[in-house]
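J.: I'd like to ask you about the structure that follows.
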Amino acid sequence: MPHGAAPRPGARVHIGNCKATVRYVGEVRGQTGPWVGLEWDDAARGKNDGSTGGQAYFSCRSPSAGSFLRLDKYNSQAELGCTVLEALQRRYGDQDFNADQAAEPAEQVSKAEGRKGVEWQFIGADKVHAKISQIQSLDKATLINCCISSVGSKQEVRESLPQLQELDLSENLLSSWLVLQQLGTALPSLACVNLTHNLMAMPTPEELRGAPHNQSLRILVLNKCCLSWSQVVLIQESVPSLQELHLCSNGISQLSASSSGGRQFSQLQLLDLEDNNISDWAEVMHLSHLPCLQHLWLGGNQLQHINLQPGSTAFQHLQTTLLRDNILSSWGDVDSLNRLISLTDLRLSGNPILNDARGGGRYEVVARVQGLTMLNGSAVRHRERRDCELRYLRAVLGELDEVKADPQAAAALKASHPRLDALQDQYGPMAGAIAPASTGTALSSSMVEVHLVCVAPSAGKKMGRQTKKVPGSLEVGKLKLLCQRLFKVPAARQALFLKAGGENPMPDNIGEDDSKDLMFFSIEVDYAASSTVSGAAIPAMCLEAGLADTYDAQHQHKPSQVVDQNKAVNES
């Protein structure tokens, strides 16, 4: 790496094992000779906020990320970076290898940090010699943490990599957004660029106006680049064909950009804003004008509410929204999602609304959002949807029956379940059949067949499977007593899970309320054979806190104990 070049404010440098940005070059009051002020990427490496001796020389994002080095020490330690082609030759064209390099795997395929769904090519030592003469045929290259600070000669890059389509430049020393235009000029076939963890200064409007457009770029990854949304919007005209934009972990909290002047990202289909600081749904609504947006990833933010009014036309083409690990706590938020008319794929795991729901809340989300075909990574098929909607309908009708003497309370309850009327119309007489009132039918007509599987690991417990016919009105508490008799597992130590067939791979915890009967969980006569109840013994003290974890741990290593019971489902 070159040393000794004159420091330039804004330049990115590598010193020791740390990266930093040059923020100041000049004299420091009370000291002799020239100094260089640095802002370290790792704030723990710094000593101040850019001030010393009561004088402020520069500012830092973190109050402890700044420090000063004498110019001669800086010149001896700072690595100023290399060009893309130099890094490429070192990585792919080095003729000299040591024993460790020779032992590297022939080829590895990995996913770049924060970039979902794109594979990057790693070439091992035993294939490098073959690649030396074929660098011109490379269509993918990964140059992570190679101290690259510039593109270099665009003509040389173009001649060396005429077919390059995907380039990963994560964790380098790139310091200006103009590198994006330079890459577009040098690599006319480039469709995907990963610039994760490069802290780049924004170009001026004049520089942007004079820069050529990157017509071929479709995917741009800018995770951990300390960017604001308004900064990102400034480059939209220079990447007119962009379809996929990743902006994870940038600390973004606002999504308005009044200075953008016109339609933003007119061809953008996927926008990844995960792990930022967005807390207000009103900010998300600023994205509703994106005409082609189909996938919006908002996981790991701080969203508290979702507010989409009835009849809303916002996000008409949105098919996927990822909302995991926010702080959504109201079922009204889920009802708002039902107003996204094209929504088919949703992730809500890690939100209080599901964390606090009995059985994980899956059935209620499926029932409230009518178009879902995928929830939390698991397919929602027709049979599961029917089960969930019937169970939800039964629960709501039961609640309405309890408040039928209070018209005001009944009206408020109906208003909190916007899909109630549609579900009653859809299921017609079946809705009345699942109402809580007793119909007085014969016992034989209300019997259901359940497959009971014990996976209790404790010594002395009776493992195995039992098939029983029981009344649909049988309460969970009495079912536990039946399991106690069959499997010798005390009722107080049981965790009961319902696995209603292969269409819903996630078992439903039904053991928390002993007063509920089996019909409440939509275990109905016409598809009783597809219902499975599993009893698992766990320590009593884990019953509340560790119930799901215990079940998952037991089943993860014993797949054979929970497969056979679903044969009837898979064959039906």
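The values are calculated or read from the model by the stated rules, or taken from the named source; none is laboratory data. Note that the structure is a prediction, hence the values are computed from the model and not measured. Note that we place each Cβ from the backbone using ideal geometry, even for glycine, and neighbour counts take in every protein chain shown. Note: areas computed on protein heavy atoms with side chains; ligands, DNA, RNA excluded. Shrake-Rupley method; radii C 1.70, N 1.55, O 1.52, S 1.80 Å.
J.: How many residues does region 65-92 contain that are touching a strand residue (DSSP E or B) at 6+ places or on another chain (Cβ under 7 Å) and surrounded by 14 or more Cβ atoms within 10 Å (Cβ to Cβ)? Break it down stepwise before answering.
T.: Restricting attention to region 65-92, the residues satisfying the condition of being touching a strand residue (DSSP E or B) at 6+ places or on another chain (Cβ under 7 Å) are 65-71, 74, 77-84, 87-88, 92.
From what is left, the residues that are surrounded by 14 or more Cβ atoms within 10 Å (Cβ to Cβ) are 65-71, 74, 78-84, 87-88, 92.
The number of residues fulfilling the criteria is 18.
J.: Could you check how many residues of region 274-320 are open to solvent by less than 30 Å² (accessible area, probe 1.4 Å) and in a loop (DSSP other than H, G, I, E, B)?
T.: So the count comes out to 16.
J.: On to the next question. Can you pull out the residues in region 183-193 that are in contact with a strand residue (DSSP E or B) (Cβ under 8 Å, 6 or more places away or on another chain) and either open to solvent by 50 Å² or more (accessible area, probe 1.4 Å) or in a loop (DSSP other than H, G, I, E, B) (or both)?
T.: Answer for region 183-193, where residues must be in contact with a strand residue (DSSP E or B) (Cβ under 8 Å, 6 or more places away or on another chain) and either open to solvent by 50 Å² or more (accessible area, probe 1.4 Å) or in a loop (DSSP other than H, G, I, E, B) (or both): 187, 190, 191.
J.: Return the residue satisfying two criteria in turn: it lies in region 339-390 and is within 15 Å of residue 320 (Cβ to Cβ) and polar (S, T, N, Q), and of such residues it is least open to solvent (accessible area, probe 1.4 Å).
T.: 378
J.: Residue by residue through region 152-185, note down the ones that are of a type in the set (Gly, Ala, Ser) and either touching a residue at least 60 places away in the same chain (Cβ under 8 Å) or farther than 22 Å from residue 232 by Cα (or both).
T.: The first filter runs over region 152-185 and keeps only residues of a type in the set (Gly, Ala, Ser), leaving 152-153, 160, 170, 175-176, 184.
Of everything in region 152-185, those that are of a type in the set (Gly, Ala, Ser) and either touching a residue at least 60 places away in the same chain (Cβ under 8 Å) or farther than 22 Å from residue 232 by Cα (or both) turn out to be 152, 153, 160, 175, 176.
J.: Also, I was wondering about something else. Here are 418, 436: which of them is at pLDDT 85 or above, in a loop (DSSP other than H, G, I, E, B) and not hydroxyl-bearing (Ser, Thr, Tyr)?
T.: Working: 436 fails: at pLDDT 85 or above.
Result: 418 is the single residue among 418, 436 that is at pLDDT 85 or above, in a loop (DSSP other than H, G, I, E, B) and not hydroxyl-bearing (Ser, Thr, Tyr).
J.: In the list 53, 66, 46, which residue meets the criterion of being in contact with a Gly (Cβ under 7 Å, 6 or more places away or on another chain) and at pLDDT below 90? Can you show your working first?
T.: Values: 66 fails: at pLDDT below 90; 46 fails: at pLDDT below 90.
None of the others qualify; the one that does is 53.
J.: What's the number of the condition residue 449 fails, among (1) within 30 Å of residue 322 (Cβ to Cβ); (2) modelled with pLDDT under 90; (3) surrounded by 12 or more Cβ atoms within 10 Å (Cβ to Cβ)?
T.: That leaves (1) as the condition not met.
J.: Tell me yes or no: at least one residue of region 231-243 is closer than 27 Å to residue 337 by Cβ and part of a loop (DSSP other than H, G, I, E, B).
T.: To start, the set of residues in region 231-243 that are closer than 27 Å to residue 337 by Cβ comprises 232-233, 242-243.
Filter once more, so that each one left must be part of a loop (DSSP other than H, G, I, E, B): 242-243.
Yes, the conditions are met somewhere in region 231-243.
J.: Do we find that residue 496 is modelled with pLDDT of 60 or more and surrounded by 21 or more Cβ atoms within 10 Å (Cβ to Cβ) in this structure? Step through it out loud before you land on a result.
T.: Working: modelled with pLDDT of 60 or more: yes; surrounded by 21 or more Cβ atoms within 10 Å (Cβ to Cβ): yes.
Yes: the conditions hold for residue 496.
J.: Let me ask something additional. Across region 76-86, what is the total count of residues that are part of a helix (DSSP H, G or I), modelled with pLDDT of 90 or more and either within 18 Å of residue 26 (Cβ to Cβ) or of a type in the set (S, T, N, Q) (or both)?
T.: 0
J.: Report, by residue number, each residue of region 124-146 that is open to solvent by 10 Å² or more (accessible area, probe 1.4 Å), at pLDDT 75 or above and in a loop (DSSP other than H, G, I, E, B).
T.: Passing the criteria: 139, 144, 145, 146.
J.: Follow-up question, since we're still on this one. For region 263-273, indicate whether the set of residues that are closer than 21 Å to residue 364 by Cα and open to solvent by less than 50 Å² (accessible area, probe 1.4 Å) is non-empty. Spell out the reasoning first.
T.: Within region 263-273, the first condition is being closer than 21 Å to residue 364 by Cα, and the residues that meet it are none.
No, that holds for no residue.
J.: Looking at region 313-336, I want the residues that are closer than 18 Å to residue 378 by Cα and have a partner that is of a type in the set (S, T, N, Q) with Cβ atoms under 6 Å, at least 6 apart or on another chain. Which pairs are those?
T.: 319/294; 319/342; 319/344; 324/349
J.: Residue 196 passes all but one of (1) over 26 Å from the mean Cα position of the chain (by Cα); (2) of a type outside the set (A, V, I, L, M, F, W, C); (3) open to solvent by less than 60 Å² (accessible area, probe 1.4 Å); which number fails?
T.: Only one criterion is unmet by residue 196, namely (1).
J.: Name the single residue, out of those in region 209-231 being over 20 Å from residue 253 (Cβ atoms) and of a type in the set (Lys, Arg), that is surrounded by the most Cβ atoms within 10 Å (Cβ to Cβ). Even if it seems obvious, please write down each step before you answer.
T.: Within region 209-231, the subset over 20 Å from residue 253 (Cβ atoms) is 209-221.
Adding the requirement that they be of a type in the set (Lys, Arg) leaves 209, 218.
Working: 209: 10, 218: 17.
Result: 218.
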